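First the structure, in the form of structure tokens, and then the observations on it.
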Amino acid sequence: MSKKLTSREEDYSKWYNELVVKADLAENSAVRGCMVIKPYGYAIWEKMQAELDKMFKETGHQNAYFPLFVPKSLFEAEEKNAEGFAKECAVVTHYRLQNDPDNEGKLRVDPEAKLEEELVVRPTSEAIIWNTYKGWIQSYRDLPLLINQWANVVRWEMRTRLFLRTAEFLWQEGHTAHATKDEALKEAELMNNVYATFAENFMAIPVVKGVKTESERFAGADETYCIEALMQDGKALQAGTSHFLGQNFAKAFDVKFTSKEGKQDYVWATSWGVSTRLMGALIMTHSDDQGLVLPPSLAPNQVVIVPIYKTDEQFEAINKVVNLIKTDLQAKGISVKYDDRDTFRPGAKFAQHELQGVPLRIAIGPKDLENGTVEIARRDTKTKAIVAIDNLTSTVENLLEEIQKSLYQKALDYRDSHITRVDDFEEFKNVLENKGGFISAHWDGTIETEDKIKELTKATIRCIPMDTKDEEGKCVLTGNLSKRRVLFAKAY
């Protein structure tokens with residue numbers, strides 16, 4: 001099964017597309033540009049959701065739900081936001097179908113059922129949420145308002161790729177209101193840090209925390225914080241964003257509050273989100289030519305047990321031992337799958353679980369029962385070991401912890417070895433084409449230079465890293481004065 005995968009070296013894009021489908025994560029749907037997330041893929045997303053949701057609640061946020069449809073007049077109230085998303089909007093214009101009199105058995109849009117006002121299918125929810133917040137916020141006692149929504153959004157993409165870019169995708173979006181600018185800025189930075197912690201501790205993906213340039217900011221934001229990850233093919237992927245919206249949406253929707261001093265002012269806002277694009281990041285950071293490699297913290301099955309037997313008596317004896325092993329492992333919070341299907345041979349099971357990235361595989365047969373041992377195999381290193389059943393639970397615990405750390409370290413080593421300092425534009429182009437990764441270079445701060453570099457190389461400024469120190473230099477393209485380096489890369 002896994003041998004049929006195109007290798008990453010041969011065609012990275014084809015490898016990715018094949019892996020998503022063959023590992024049973026997702027598939028293209030009957031609706032152009034949309035995907036079906038299959039149970040195994042959704043199980044990974046659920047683990048992401050559960051951990052993020054816990055982190056959001058620990059930082060004081062509550063979940064709510066807002067409508068899928070946004071009246072066009074509300075959507076266009078904040079001009080920059082509306083302009084930024086206008087080309088990606090799906091729009092509902094009618095509310096009814098009818099039998100087509102010219103084509104028996106077919107339906108058509110009822111021409112008499114035109115909506116008085118068109119409805120935008122949400123590409124993001126600022127408009128509908130801030131229109132709602134107007135009724136929720138009157139005084140400083142109502143602040144801060146810390147709300148998160150788990151939802152789907154639609155952005156009408158023409159070129160799509162499973163998880164990375166689809167017309168409809170799943171995400172969470174936080175929308176908060178604050179009494180002061182300082183509070184809102186701290187919130188935006190806090191949530192960017194939450195995303196970074198989640199990416200590094202649970203996804204085992206090292207990220208660069210930074211700020212977007214003006215041209216790369218979220219439409220309607222005064223500042224956009226981000227986390228940027230680096231994939232195995234040397235391309236960057238924006239893994240999450242957190243926006244300081246200033247008072248832009250509060251002014252557009254007239255959301256004011258009365259302060260302790262009795263004065264009226266507009267509230268300060270943030271919004272922040274991550275999406276099923278994280279699934280793409282997870283796949284492309286860790287996986288290999290044999291299939292998925294999943295960090296234990298996000299693997300639907302952390303351990304799979306495969307019995308090897310010839311007779312029913314052997315199978316029954318193995319079952320008794322496996323049930324005890326399962327009970328011990330599950331008591332430690334380890335998720336275990338016992339693959340006792342009799343429709344597949346052990347080799348086929350091994351191939352499937354390797355393809356689906358199960359961190360640890362345990363094989364147990366009659367000889368193992370005699371010896372009181374099992375064979376345990378790591379997915380990440382493909383190493384095998386014989387382990388005493390008496391020591392199995394502690395061994396599995398230690399191995400899962402080791403795999404989690406090892407995957408992060410491997411990705412970190414790759415990322416760090418692919419951050420290249422460049423001071424010359426010819427070298428910039430050479431590194432971009434032959435090495436890839438992040439390029440740390442001086443930029444003169446102008447949108448014109450940023451656009452020109454993108455036009456010439458397809459590389460964009462991924463972020464101005466938060467830990468960047470002031471360093472005088474010359475812009476890599478124009479030679480004009482620059483105060484700091486930024487990170488360029490080709491990106492998804």
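Hey, could you pull the Cα Rg and Dmax for the chain, both in Å?
Spelled out, the Cα radius of gyration and Dmax of the chain are 26.0, 83 Å.
How much of the accessible area of the stretch 424-492, probe 1.4 Å, is carbon plus sulfur, in whole percent? Before the final figure, lay out each step's value.
Details: 1670 of 3650 Å².
The value for the stretch 424-492 is 46 percent carbon and sulfur by accessible area.
Considering only protein heavy atoms, with the full assembly of protein chains and a 1.4 angstrom probe, order ARG108, ARG415 by accessible area, largest first.
Details: ARG108 85, ARG415 30 Å².
Heavy-atom accessible area, descending, gives ARG108, ARG415.
If each residue of separation counts as 0.36 nm, what is the full-extension length gain between ASP413 and GLU397 once their alpha-carbon separation is subtracted?
Numbers: separation 16, 0.36 × 16 = 5.76 nm, distance 2.45 nm.
Contour length minus the Cα-Cα distance gives 3.3 nm.
At 1.4 Å probe size, with no ligands or nucleic acids counted, give the accessible surface of HIS442 in Å², nearest ten.
Counting only protein heavy atoms, HIS442 exposes about 0 Å² to solvent.
Taking the full set of protein chains and a 1.4 angstrom probe, give the accessible area of CYS34 in square angstrom, rounded to the nearest 10.
Surface open to solvent at CYS34 totals about 20 Å².
Using heavy-atom solvent-accessible surface (probe 1.4 Å) with all chains present, what is the largest-first order of SER29, SER271? Present the calculation step by step, with values, prior to reporting the outcome.
Working: SER29 40, SER271 5 Å².
Result, largest first: SER29, SER271.
Using the structure shown, list the pairs from LYS57/LYS186; LYS235/LYS469; LYS429/LYS458; LYS181/LYS251 with a Cα-Cα distance above 19 Å, or answer none. If you can, show how the numbers build up before the last one.
Values: LYS57/LYS186 17 Å; LYS235/LYS469 24 Å; LYS429/LYS458 10 Å; LYS181/LYS251 14 Å.
With Cα atoms farther than 19 Å apart: LYS235/LYS469.
Using a Förster radius of 25 Å, what is the FRET efficiency between ALA50 and LYS405 based on their Cβ-Cβ separation? Nearest 0.05, please.
Details: r = 21 Å, r/R0 = 0.86.
FRET efficiency, ALA50 to LYS405: 0.70.
If the cut-off is a Cα-Cα distance under 19 Å, which aspartates and glutamates reach LYS405, setting aside same-chain residues fewer than 8 apart in sequence?
Cα-Cα hits under 19 Å: GLU51, GLU200, ASP288, ASP380, GLU397, ASP413, ASP416.
How long are the semi-axes of the equivalent ellipsoid of the stretch 258-362, defined as square roots of 5 times the Cα gyration tensor eigenvalues? Whole Å, largest first.
On the way: eigenvalues 450, 75, 16 Å².
Square roots of five times the eigenvalues give 47, 19, 9 Å.
In whole Å and largest first, what semi-axes does the C-alpha gyration tensor of the stretch 414-492 yield when each eigenvalue is scaled by 5 and square-rooted?
17, 15, 11
What GluC sites (Glu not before Pro) in the stretch 1-86 are in a loop by DSSP, with at most 13 other Cβ atoms within 10 Å of the Cβ? Intermediate values should be presented prior to the final figure.
Details: sites: GLU9, GLU10, GLU18, GLU27, GLU46, GLU51, GLU58, GLU76, GLU78, GLU79, GLU83; in loops: GLU9, GLU10, GLU76, GLU78.
Those satisfying the criteria are GLU9, GLU10.
Considering only protein heavy atoms and a probe of 1.4 Å, how much of the accessible area of the stretch 356-405 is carbon and sulfur, as a whole percent? Don't jump to the answer; show the numbers that get you there.
Details: 1120 of 2390 Å².
Solvent-exposed carbon and sulfur of the stretch 356-405 make up 47 percent of the total.
Looking at the stretch 324-362, which trypsin sites (Lys or Arg not before Pro) are in a loop (DSSP not H, G, I, E or B) and have at most 12 other Cβ atoms within 10 Å?
Values: sites: LYS326, LYS332, LYS337, ARG341, LYS349, ARG361; in loops: LYS332, ARG341.
Passing both the DSSP loop test and the Cβ count: LYS332, ARG341.
Quick one: divide the alpha-carbon radius of gyration of the stretch 136-224 by 2.2 N^0.38 Å and tell me what you get.
Numbers: Rg = 15.8 Å, N = 89, 2.2 N^0.38 = 12.1 Å.
My calculation over the Cα atoms of the stretch 136-224 gives 1.30.
Suppose only helical runs count, i.e. DSSP H with n ≥ 4. What mean residue ellipticity at 222 nm does that imply for the chain under -39500 (n - 2.57) per run, divided by all residues and rounded to the nearest 500 deg cm²/dmol? Please report the intermediate quantities before stating the final value.
Values: 14 runs with 172 residues, N = 492.
Helices in the chain give a 222 nm mean residue ellipticity of -11000 deg cm²/dmol.
For ARG141 and LYS114, FRET efficiency with R0 = 35 Å and r from the beta-carbon atoms, rounded to 0.05? Walk me through the intermediate numbers first.
Details: r = 44 Å, r/R0 = 1.25.
Using R0 = 35 Å, I get an efficiency of 0.20.
Where only protein heavy atoms count, and the probe is 1.4 Å, what is the accessible area per residue for the stretch 391-481 in Å²? Please list the in-between numbers first.
On the way: 5100 Å² over 91 residues.
Value returned for the stretch 391-481: 56 Å² of accessible area per residue.
What lysines sit close enough to LYS367 to cross-link, taking a C-alpha to C-alpha distance under 25 Å and skipping anything fewer than 8 places away on the same chain?
The qualifying lysines are LYS310, LYS320, LYS326, LYS337, LYS349, LYS382, LYS384.
Using a cut-off of 9 Å between beta-carbons, work out the net charge of the residues near PRO71 (Lys and Arg +1, Asp and Glu -1, PRO71 not included). Numbers along the way, then the final one.
Working: positive: LYS72; negative: GLU117, GLU118.
Within the 9 Å Cβ shell, the charges total -1.
Once you compute Rg and the Kirkwood Rh from C-alpha atoms, what is the Rg to Rh ratio for the stretch 1-58?
Result: Rg/Rh = 1.12.
Loop only per DSSP, at most 16 neighbouring Cβ atoms within 10 Å: give me the chymotrypsin sites (Phe, Trp or Tyr not before Pro) in the stretch 343-448, ordered by residue number.
Details: sites: PHE344, PHE350, TYR408, TYR414, PHE425, PHE428, PHE438, TRP443; in loops: PHE344, TRP443.
Hits after loop and neighbour filter: PHE344.
Taking a 1.4 Å probe, which of ARG421, ARG96, ARG277 shows the most accessible area, and what order do the others take after it? Before the final figure, lay out the partial values.
On the way: ARG421 140, ARG96 110, ARG277 35 Å².
Putting ARG421, ARG96, ARG277 in descending order of accessible area: ARG421, ARG96, ARG277.
For the stretch 217-364, what is the accessible area per residue in Å², given a 1.4 Å probe and the full set of protein chains? Let's see the in-between values first.
Details: 5380 Å² over 148 residues.
Value for the stretch 217-364: 36 Å² per residue.
Hey, any idea what % of the stretch 11-101's accessible area is carbon plus sulfur with a 1.4 Å probe? Show your work: numbers first, answer last.
Working: 2670 of 5090 Å².
Accessible surface attributable to carbon and sulfur in the stretch 11-101 totals 52 percent.
Given R₀ = 25 Å, what would the calculated FRET efficiency be for GLU18 paired with ALA43, taking r from the Cβ atoms and rounding to 0.05? Display every interim value, and only then the final one.
Numbers: r = 20 Å, r/R0 = 0.81.
Efficiency for this residue pair is about 0.80.
Give me P(r) over the stretch 356-468, computed from all C-alpha to C-alpha distances, binned every 10 Å, as integer percentages.
Result returned by the calculation: 11, 29, 17, 14, 14, 10, 4, 0.
Need one value: the accessible area of VAL211 in square angstrom, 1.4 angstrom probe, rounded to the nearest 10.
Spelled out: VAL211, probe radius 1.4 Å, area about 30 Å².
Accessible area per residue for the stretch 122-206 in Å², computed with a 1.4 Å probe and the full protein assembly in place, what is it?
Numbers: 3160 Å² over 85 residues.
So the stretch 122-206 comes to 37 Å² accessible per residue, rounded to a whole number.
The values are calculated or read from the model by the stated rules, or taken from the named source; none is laboratory data. Keep in mind that what you see is a predicted model, and the values were worked out from it rather than measured. Don't worry about glycine lacking a Cβ; one is built from the backbone with ideal geometry, like all the others, and counts go over all protein chains shown. The protein model used for the area step is the full one, side chains on, heavy atoms only, and it has no ligands, DNA or RNA in it. Shrake-Rupley method; radii C 1.70, N 1.55, O 1.52, S 1.80 Å.
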